[in-house]
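Trainee: After the structure tokens below, expect a handful of questions from me.
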Amino acid sequence: MEGILRRGLSVLLAAVTGLVLAQSPAEAAVLRVMVVGDSVSHGSAGDYTWRYRLWKHLTGSGVAVDFVGPRSGLFDPVRSPAGDVVETGTYADPAFDRDHNARWGRALASWPGAYAGAVDTIQADVRTYQPDYVLVLLGINDLVWFGADPVGLAGQMAAFIDRARTGKPGVRVVVAGVPPTYGTEHDSALAARFAEYNRWLGAVVWGKATDGGPPVAYVPPPAGYEADYGVTPHDSYDGTHPNARGEIRIADAVGDVLSSAFGLGPPYPLSLTVPVGPVLPFTLRCAPGDGKVTLTWTESPGATGYWYQLRFAGGAWVPDPAVYQYPMSAQPVTSAGLANGTAYEFRMQAAKWYDKGVYSNVCRATPGR
């Protein structure tokens, strides 16, 4: 099959990048949109998600959309056991249409020992939820975990489009290229495979756009996306999953193609002046003891660690080299070796992997016998 796909699509490569289609006829009053993806689209506790960013853009531009799908929550990175998915509703802002069809760890193809890939579930999903548009961003897990051949994987996307069309004749499919990861920025062979997959995705879309079926469109990977968390600024909190900046970059790429290919709203107004890291507030409590203060705190959803700081009351915070990170499970934390009768102040900063975010309240305690 891969040889057939290579021969049949090779003549189309020059026309792939940035492919969009002519605007469609007038749309229904409310458009049903189904986002299909993996962890990048699912999101985890405390995220806004790129789905949120896109929904806000479309509805704010006067486009009536109904997001549909079997899920509405986020992956809980703290409470999910290895190999399983526990969901939570703790979005940074839950005020949007949260329905979706993304799952942490999902692949495009079906692989031995893994749950069914989206290519084998999309027909039934489309038949059930009847979307007018399917927005699909898949392939990272296939390429990284399962070593998928980029051309063969692009063939799986061709089958995905065909099966979505079978689920609902007339459905429009928007195929997004996969963004870079920390691995692609430090492994030239992996980067080449990502690039090849994205090129062939565009070729697949071009072929489907000229086969007489309903319109399709290709979304190139987000321009300027920086996955390396060691670079400032960056767009991923752990090298794979988007932080707030990354969410906006993905929504921008998708929104621009929805606008140019289908006339759905204006181009996305890209602005990256947003904070990264956890944003949901949490509370720190201090209990004084003999030469010590014991700290406990509530959770900032999505935080994978908490950075602890102290100071003499009203003084300067201890500089970063003396700041320590603790997981939720580490509490209570005891700050020992303190002077009885001296007032101390404490605070914590929530972090999601490499991104520091919101601070707790400042609490004060005076150790004593």
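Trainee: Quick check: at a probe of 1.4 Å, how many percent of the accessible area of the stretch 152-248 sits on carbon and sulfur atoms?
Mentor: Working: 1720 of 3120 Å².
For the stretch 152-248, the apolar C and S fraction of the accessible surface comes to 55 percent.
Trainee: Quick check for you: with a 1.4 Å probe and neighbouring chains kept, what is the accessible area per residue of the chain, in Å²?
Mentor: On the way: 14960 Å² over 369 residues.
About 41 Å² of surface per residue is accessible.
Trainee: Next question, about the same structure. Is the stretch 42-114 best put as rounded, prolate or oblate by its Cα gyration tensor, with a ≥ b ≥ c the root eigenvalues, rounded for a/c under 1.5, and otherwise prolate when a/b is larger than b/c, oblate when not?
Mentor: Details: a/c = 2.97, a/b = 1.62, b/c = 1.83.
Oblate shape, in that a/c is at least 1.5 and b/c is the bigger or equal ratio.
Trainee: Could you point to the label whose value was computed as Kirkwood radius over Cα pairs in Å for the structure here, given [x] 21.4; [y] 22.1; [z] 22.8?
Mentor: Given [x] 21.4; [y] 22.1; [z] 22.8, the structure-derived one carries the label [y].
Trainee: Okay, moving on. Once both labels are modelled 7 Å past Cα along the beta-carbon direction, what's the residue 340-residue 130 spacing in nm?
Mentor: 7.5 nm
Trainee: Taking the Cβ of residue 338 as the center, what net charge do the other residues with Cβ under 10 Å away carry, scoring Lys and Arg +1 and Asp and Glu -1?
Mentor: Details: positive: 292; negative: 290.
Residues near residue 338 contribute 0 overall.
Trainee: At residue 260 and residue 114, where each label point lies 7 Å from the Cα along Cα→Cβ, what is the point-to-point distance in nanometres?
Mentor: The modelled label-to-label distance comes out at 3.0 nm.
Trainee: Given the C-alpha atoms of the stretch 174-214, compute the convex hull and give its volume per residue in Å³. Don't skip to the answer; put the middle values down first.
Mentor: Values: hull volume 1.7 nm³, N = 41.
Considering the Cα atoms of the stretch 174-214, their hull volume per residue is 42 Å³.
Trainee: Can you give me the C-alpha center-to-center distance between the stretch 41-67 and the stretch 113-186, rounded to a whole angstrom?
Mentor: Spelled out, the Cα-based centre of one part sits 20 Å from the other.
Trainee: Then there is this: Less than 14 Å Cβ to Cβ from residue 146, Lys/Arg counted +1 and Asp/Glu -1: what total charge do the surrounding residues give?
Mentor: Values: positive: 106, 193; negative: 38, 142, 149.
Every neighbour counted, the sum reads -1.
Trainee: Ranked from the most accessible area to the least, with a 1.4 Å probe and all protein chains present, what is the order of 185, 247, 226? The partial results should precede the final answer.
Mentor: Working: 185 70, 247 5, 226 45 Å².
If we order 185, 247, 226 from most to least accessible, we get 185, 226, 247.
Trainee: So how tilted is helix 244-262 from the main axis of the chain? Cα-based, degrees 0 to 90, rounded to 10.
Mentor: The angle comes out at about 20 degrees.
Trainee: Can you bin the stretch 78-194 into rounded, prolate or oblate? Criterion: square roots of the alpha carbon gyration tensor eigenvalues sorted a ≥ b ≥ c, rounded for a/c under 1.5, prolate for a/b above b/c, oblate for the rest.
Mentor: Details: a/c = 1.63, a/b = 1.11, b/c = 1.46.
Oblate, since a/c reaches 1.5 and b/c is not below a/b.
Trainee: Build a GNM of the chain with springs between Cα atoms under 10 Å: which of 337, 62, 73 gets the top mean-square fluctuation?
Mentor: 337
Trainee: Calculate one ³J(HN,Hα) per residue across the stretch 228-238 by plugging θ = phi - 60° into the Karplus curve 6.51 cos²θ - 1.76 cosθ + 1.60, and present them in order as whole Hz with x for glycine and proline.
Mentor: Result, rounded to whole Hz: 6, 5, x, 9, 10, x, 9, 10, 9, 7, 9.
Trainee: Spin-label point model (7 Å from Cα, Cβ direction): what's the residue 326 to residue 270 distance in nm?
Mentor: My value for the distance between the label points is 4.2 nm.
Trainee: Reachable lysines from residue 352, Cα under 29 Å, same-chain residues fewer than 8 places away excluded?
Mentor: Partners found: 56, 292.
The values are calculated or read from the model by the stated rules, or taken from the named source; none is laboratory data. Note that the structure is predicted; figures quoted are calculated from it, not measured. In this analysis, Cβ positions are derived from the backbone assuming ideal geometry, glycine residues included, and neighbour counts consider all displayed protein chains. When the accessible area is computed, the model is the full protein with side chains, heavy atoms only, and any ligands, DNA or RNA have been set aside. Shrake-Rupley method; radii C 1.70, N 1.55, O 1.52, S 1.80 Å.
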